[in-house]
Amino acid sequence: MKPNHYNTIIIGAGPAGLTAGIYLSRAKMKTLILDSGIAGGQLILTHEIANYPGIEKISGYELSNTMRKQALAFGCEIQSGISIKDINFEAVEKSVQLSNGKQFTADTIILATGGRSRTLGISGEDKFKGRGISYCATCDGDFFQDKEIAVVGGGNTALEEAVSLTKYASKVTLIHMLDHFQAFAHAIDEAKSNPKIEIKMQSRITAFNGEQKLESVNVENLLTHELSELKLDGVFVFIGYEANTDFVQGRCIELNERNEIVTDDQLQTNVPGVFAAGDALAKRFRQITTAVSDGTIAALNAMEFIRQASAIKVA
Ligand SMILES: Cc1cc2nc3c(=O)[nH]c(=O)nc-3n(C[C@H](O)[C@H](O)[C@H](O)COP(=O)(O)OP(=O)(O)OC[C@H]3O[C@@H](n4cnc5c(N)ncnc54)[C@H](O)[C@@H]3O)c2cc1C
């Protein structure tokens, strides 16, 4: 095999990409993972993980570092801090060109570039991420047992998660900018009828306050422009999600209306030999376990694709 040719190039070294790397390199497939940041993906941002089966509590850094070491130990190569200049997905021999001039070819590609929750972009948000501000109720709801929290947003996710967070929190203030929710009627009814939920319509958070952790937020009433301070322990922001697919937009890979990658049930995209895994996929639930599962399925199908392609070549 040419030195710069790989059986599989994986784009993205989050849990989905690292899992695919572990499976492929353990099966002796020559595998390269390319990441624009550092290996670990969103796990690096996660202070504590308590819902990864088999491990009671672990920091995101430790879990991702173990995954990275596992992949490297099986012979997987990882290049971090790269920037992709161009990709040719459609040819039988796929190619990836980096901005630093390096070029690689591969039989298969796995897209595992994850995504990010939309943020409010207001004062104090960066400081209190993971110290009171969260974008994932399944991940962090349990840390707010008997605490007062707020949920920001007015879509189905915000309303459903506000209701689910009442299992933990003593009070949930639902803050929404508009005078109406953009959600299903049943989700609105459920939120409105929950005694633990107080709704503030036509309102927005203007600042997050605290010392080491979040202690309060400033809320503006958008009708009267009156400002008030709301003391609380946590804020969950559900104002949308963006897949990291900018680099494939306008190319041959099919995306849905939210720019998430569309695949079949074997996680193959519309282009033969190009698979996708993890949070960048068009799907509902985005967790470490689902990313790891996708990474496994994409890797096993990439292997099968390579096996079938080489069987055809031999015949
Ligand atoms: C604060 C926080 C807490 C969370 N807590 C939990 C939890 O407790 N339990 C749980 O199950 N889930 C949790 N999650 C969700 C979980 O982290 C994600 O579902 C999971 O990381 C998704 O894995 P992924 O590999 O698909 O993508 P990501 O983790 O997003 O990794 C994608 C990788 O791709 C790279 N990348 C992106 N674009 C490019 C590009 N153009 N070129 C090259 N590389 C690129 C990124 O640098 C990144 O390393 C949390 C998320 C956050 C943000």
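Computed from the coordinates by the stated procedures, all read-outs in this text should not be read as laboratory data. From a predicted model like this one, the values you see are computed outputs, not experimental measurements. FYI the Cβ positions are ideal-geometry reconstructions off the backbone, even for glycines, and counts take in every protein chain you see.
For this structure, a couple of remarks:
- Partner lysines for Lys28 [C-alpha distance under 24 Å; skip if fewer than 8 residues away on the same chain]: Lys2, Lys69, Lys94, Lys102, Lys313
- Burial ranking of peptide ranges 110-117, 149-156, 2-9 (average Cβ count within 10 Å, highest at the top): 110-117, 149-156, 2-9
- For Thr206, the residues 5 or more places off, or on other chains, whose built amide H falls under 5 Å of its own are Asn218, Val219, Glu220.
- Debye intensity ratio in log₁₀ form over the Cα atoms of segment 119-237, taken at each q of 0.11, 0.18 Å⁻¹: -0.31, -0.87
- Hydrophobic, long helices, defined as DSSP H runs whose alpha-carbon span along the helix axis is 15 Å or greater and whose mean Kyte-Doolittle value is at least 1.0, do not occur in the chain.
- Mean projected area in nm² (Cα convex hull; one quarter of hull surface) for segment 238-315: 5.9 nm²
- Between Arg204, Arg26, Arg284, the Gaussian network model of the chain with springs among Cα atoms under 10 angstrom shows the greatest mean-square fluctuation at Arg284.
- Distant-in-sequence amide H partners of Ile49 (H built 1.01 Å from N, under 5 Å): Ile58, Ser59, Gly60
- Normalised per residue, the volume of the convex hull around the Cα set of the chain (Å³): 147 Å³
- Eigen-decomposition of the gyration tensor built on the alpha-carbon atoms of segment 1-146 gives equivalent ellipsoid semi-axes of 32, 19, 11 angstrom, largest listed first.
- For segment 63-112, GluC sites (Glu not before Pro) are listed when DSSP marks them as loop and at most 16 other Cβ atoms sit within 10 Å of their Cβ; the list is Glu90, Glu93.
- A DSSP coil position with no more than 11 other Cβ atoms inside 10 Å describes the following GluC sites (Glu not before Pro) in segment 2-75: Glu56.
- Packing-based ranking, highest mean first, of 214-223, 118-127 given that Cβ atoms within 10 Å are counted: 214-223, 118-127
- Mean ellipticity per residue at 222 nm, deg cm²/dmol - from DSSP H runs of n ≥ 4 across the chain, formula -39500 (n - 2.57): -8000 deg cm²/dmol
- Centre separation in Å (Cα based) which lies between segment 55-97 and segment 249-269: 20 Å
- Förster-model FRET efficiency, 41 Å R0, Ala73 and Ser170, C-beta, rounded to 0.05: 0.35
- Among the cysteines of the chain, Cys76, Cys252 have no other cysteine beta carbon within less than 4.7 Å of their own.
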